[in-house]
Amino acid sequence: MIAVPEPRRGAARFSLAGRLSTLVAGLVVLATAVSAGASAGIAALGLELSRGSHFLLVLLLVLPPSLWAVNRFLRPVRSLLTALSDGIESLRDRDYSVRLATGRSDELGRLAAGYNAAAGLLRDERHQIRQRELLLETALDESPVAIVLVGPTGRVVYSNREARRLFVGGRPLEGEAFDERLGSGPPELARMLAGGSDGLFAVEGGDRPETYHLSQRVFHLDRRPHRLVLLRRITGELGRQEAAIWKRVIRVISHELNNSLAPISSLVHSAQLVAADPRQAHRSAEIFATIRDRIDHLVEFLEGYARFARLPAPRQERVEWASWLADVADLYAFEIDGELPAEPGWFDAAQIEQVLINLLKNSSEATDGGPVPRVRVDATPDRGFLIQVRDEGRGMTPEVLESALLPFYSTKRSGGGLGLALCREIVEAHGGRLSLRSKPGQGTVVSCWLPSEPAS
């Protein structure tokens, strides 16, 4: 603590302005008295002095006590300013423990109290910030995601435990050149970082490849560019998702096979009984026709899965909208909303036709014979085309809408759950995207965005 001299106990307390006024008044009275006394003394001695000599004599008599009084008045001010300067230097050095003595009731005391309050507030805020920093540092260090912060010079500013384990086997990584460190790492990671984009990559090693997800962002810290690199190992997560998908595939296929093979087995038994009894021979044609229907359904079901598995890469070409939509209208009825774009599309006509047919089929089934679906095609500002299929059917609940695009998910009793999933696969293979918007009882809108022809 830095002490500031306090007034004597029992002394009257005035403001600085009051004390200064009292001092000035006292000095004026003193100068007047000294001047009068000097004039009387000179007259008594019979001396004559000029005005200048008289002024110098009064000044010599008044100056010493005046200087002593002014020094006495300024002493606590100088002391507080010195203490305040030391306190500010301490704050600059992030030492918030320095306090000023506050035994005065005037402006100096209030200034010291204000400094103490500000220093205490800064100390508390600094303590809270430090606690949050420790909490954040602990959370980052325990994170399974490898986190690396690279400074403007290309050297590592911060790395958590997972990053140190992944890149340098656990030893400190701070201060090292990040790009040089990547030179001894997987080339796939170096290529992803050089590209500046986010994405997945696999690293060969061990029994199976390890899959990672990379995210990187550039931001300014203290007005200087820094790069944040996040690397997450997702092999286990992908494995669990893959296992879940395979389980769902097996359940769907098993269910569909049972639905077809059980009736076929029963019908074969019936055919054996009919063959043994000539009187039932007329039933054999009906039995074999039913068996054929079940076999055709099973073949169609399996062919749907085969198409999904062997979907070829799209062969994109210029497609005129009017003629292409006219070909689709021969298979499924629909109405066209608005004007078609003058610029032709750029896609695999057969694959996108299959997408539109699947969407129109779903819309027709959802309306139960109601108004035919409507199709709208618009050019978009982001150099693409938006194909929308709209119906006024039953719509979807939020739960169904959330899972509608997943493979093997279906609300139909005889559905394999590949229709919308196949549509999304085709659209994404073209570099586009497919989305759904639906409400129960208000219909469904399926939007397919496709990129336009690339610039030559």
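Every number here is computed from the coordinates shown, using simple stated rules; none is lab data. What you are looking at is a predicted structure, and each value in this text was computed from that prediction instead of being measured. Using ideal geometry, Cβ is built from the backbone for each residue, glycine included, and neighbour counts are taken over all protein chains shown.
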Evaluate the distance, in nm, between pseudo-label points positioned 7 Å from the Cα of E453 and of V203 along their respective Cα→Cβ axes. 4.5 nm
Applying 1/(1 + (r/R0)^6) with R0 = 25 Å to the Cβ-Cβ distance of E339 and E300, what FRET efficiency is obtained, to the nearest 0.05? 0.10
Could you compute the net charge surrounding V389? Neighbours are other residues with a C-beta less than 9 Å from the C-beta of V389; K and R count +1, D and E count -1. +2
Starting from 0.36 nm per residue, how many nanometres of slack lie between T235 and V168 once their C-alpha separation is accounted for? 22.0 nm
Förster-model FRET efficiency, 25 Å R0, A322 and R437, C-beta, rounded to 0.05: 0.40
Determine the gain in length on full extension of the stretch A281-L228; use 0.36 nm per residue of separation and subtract their C-alpha separation, reporting nm with one decimal. 11.2 nm
Summing +1 per Lys or Arg and -1 per Asp or Glu among the other residues with Cβ less than 12 Å from E174's Cβ gives +3
Classified through the alpha carbon gyration tensor (a ≥ b ≥ c as square roots of its eigenvalues; rounded if a/c is under 1.5, else prolate when a/b is larger than b/c, else oblate), the stretch 106-185 comes out prolate
Cα convex hull of the stretch 143-233 - mean projected area over all directions, nm²: 5.8 nm²
Work out, step by step, the length gained on full extension between L122 and D95: first 0.36 nm times the residue separation, then minus their alpha carbon distance; give nm to one decimal. 8.7 nm
If you take the beta carbon distance between F219 and D106 as r and set R0 to 41 Å, what does 1/(1 + (r/R0)^6) give as a FRET efficiency, to the nearest 0.05? 0.25
In nm, to one decimal, how far is the E137 label point from the N258 one, both placed 7 Å along Cα→Cβ? 5.9 nm
Pair I88, D378: separation of 7 Å Cα→Cβ label points (nm): 6.2 nm
